[in-house]
Amino acid sequence: MARSIDTQQSAVRGFVPAQNDEERFLMRHVEDLARAAFGRGIARYSAFLSDREQQLAQAALNRAGAPEESCRFEGGWPDAERRVLCLEPENCYPASPVCCVRLRCRALAGAQLPVHKDYLGSLMGLELRREALGDIVLPPEEPGIAYLFALEPAAALICQELRSVGRTEVTAQQLALDEVPEFAQAERRLQTATVSSLRLDAVLAAMLRCSRGMAAELVAAGRVEINHLPVSSAHAPVYESDVFTVRGKGRFRLTALPGKSKKDRQIIEFFQY
C-alpha cells in the first residue's frame, strides 16, 4: 500500500483529451490556424483562451507539428490567465491583437468601488463575447482603477460605449501594452493540512475547512472543477499541481505533497487564489 501511495505522490495529472464537441472544434480550429500561418508565412492569432483551452491548443499545435519557437501565448501582462495564441512564422509581420483599456472610477468619497464581477457584468452588457476579453486586473495599490485586456475591436467598443460599472461612472482610455504598469504580485499564503487520502472529498474538505460530507455535496451539485473540467465523483484522485475551482467558494492550487505525518496521514500544501 505504501508503495502505491508513494507513486501517486510523485505523479502529476496527465493531459486530458478533448471532452466534447466544443473542445474538439477548438483543436481543429488551432490546427487550421497553424496550417494557414506556417503554410503561408502569415501571422495568425486566436481569441482569448482559458487555461484549459490553452492546454488543448498546445496539444493541437503538437499534433500539427508547429515549430515551438514561433508559437506563444500572450495575455498582455506576465501573470495573465487568459491568453491569445500567437502564431508568428519567421520573417512575418506580427501584429498582436491584444490591447489594454484602463478604467478610472468616479466614485463618491466612501462609496464602495466595483469588484471583478461588476466589471465583467458591465462588459457582458455591451454584448461582448467572453473570448474577446482577457484578464481584468484590479491593482490594490490603485483603488478605483481597473485594467482590462481585450482584443482590439472589443477594446475600441469599450472605450466608446462603457460609461458606468454598476452605479459607478467610469472613464476609459486605451493603452499600448508597453504603457501597462507592472502589477504587484498578489500575496498567496501557503497553507498546510493533513488528509486521510488523496481523494477529492478529503482534500476539498481540508481546503474549505468543512466536513467530507459537505465537500461531497458540493461535488454532487456540480460546483467543483479540477483543472477547469467538471468532476462528478467525490472519490476522484487528486494530484500535485491540480487546480480546484469551487463555485461560490474560490479557487485553490495543490502545490506540494511533502510526505506523511507522524500519524501516517498525507500532508498537503496549497494556496487560495
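Miscellaneous remarks
- Qualifying residue in region 48-55 (condition: basic (Lys, Arg) and open to solvent by 50 Å² or more (accessible area, probe 1.4 Å)): no
- Where Arg247 falls short, out of the listed (1) open to solvent by 80 Å² or more (accessible area, probe 1.4 Å); (2) farther than 29 Å from Arg129 by Cβ: (2)
- So Arg189, is it of a type outside the set (A, V, I, L, M, F, W, C), touching a strand residue (DSSP E or B) at 6+ places or on another chain (Cβ under 7 Å), under 26 Å from Phe270 (Cβ atoms) and surrounded by fewer than 15 Cβ atoms within 10 Å (Cβ to Cβ): yes
Here's the yes/no breakdown for (1) outside the structural domain of Ala256 (by the TED database); (2) of a type in the set (Gly, Ala, Ser); (3) touching a residue at least 12 places away in the same chain (Cβ under 8 Å):
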| site | (1), (2), (3) |
| --- | --- |
| Tyr147 | yes, no, yes |
| Glu161 | yes, no, yes |
| Ser164 | yes, yes, yes |
| Thr171 | yes, no, yes |
| Ala184 | yes, yes, yes |
| Val203 | no, no, yes |
| Ala206 | no, yes, yes |
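- Residue in region 224-231 that is more than 19 Å from Val16 (Cβ to Cβ), of a type in the set (A, V, I, L, M, F, W, C), in contact (Cβ under 8 Å) with a residue 12 or more places away in the chain and surrounded by fewer than 19 Cβ atoms within 10 Å (Cβ to Cβ) present: no
- Failed item, numbered, when Phe25 is tested on (1) open to solvent by 30 Å² or more (accessible area, probe 1.4 Å); (2) in contact with a helix residue (DSSP H, G or I) (Cβ under 9 Å, 6 or more places away or on another chain): (2)
- Among residues of region 101-139, those that are assigned to a strand (DSSP E or B), open to solvent by 40 Å² or more (accessible area, probe 1.4 Å) and of a type outside the set (D, E, K, R), counted: 0
- The one condition in (1) open to solvent by less than 40 Å² (accessible area, probe 1.4 Å); (2) free of Cβ contacts under 8 Å to residues at least 60 places away in the same chain; (3) of a type in the set (A, V, I, L, M); (4) out of contact with any Lys or Arg (no Cβ under 6 Å at 6 or more places or on another chain) that Ala221 fails to fulfil: (1)
- Given (1) part of a helix (DSSP H, G or I); (2) surrounded by 12 or more Cβ atoms within 10 Å (Cβ to Cβ), number of the condition Asp178 does not satisfy: (2)
- Check on Ala184, of a type outside the set (Lys, Arg), touching an Asp or Glu at 6+ places or on another chain (Cβ under 7 Å), under 19 Å from Ile136 (Cβ atoms) and assigned to a loop (DSSP other than H, G, I, E, B): yes
The rows are residues; the columns are (1) at pLDDT below 95; (2) surrounded by 17 or more Cβ atoms within 10 Å (Cβ to Cβ).
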| site | (1), (2) |
| --- | --- |
| Met214 | no, no |
| Glu217 | no, no |
| Phe252 | no, yes |
| Lys260 | yes, no |
| Tyr273 | yes, no |
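- Test: residue in region 201-215 that is of a type in the set (S, T, N, Q) and assigned to a strand (DSSP E or B): no
- Residue within region 223-233 that is farther than 26 Å from Val84 by Cβ, part of a strand (DSSP E or B) and out of contact with any Gly (no Cβ under 6 Å at 6 or more places or on another chain) present: yes
The values are calculated or read from the model by the stated rules, or taken from the named source; none is laboratory data. Keep in mind the model is a prediction, meaning the values are calculated, not measured. In this analysis, Cβ positions are derived from the backbone assuming ideal geometry, glycine residues included, and neighbour counts consider all displayed protein chains. Quick note on the areas: whole protein, heavy atoms, side chains included, nothing else; ligands and nucleic acids left out. Shrake-Rupley method; radii C 1.70, N 1.55, O 1.52, S 1.80 Å.
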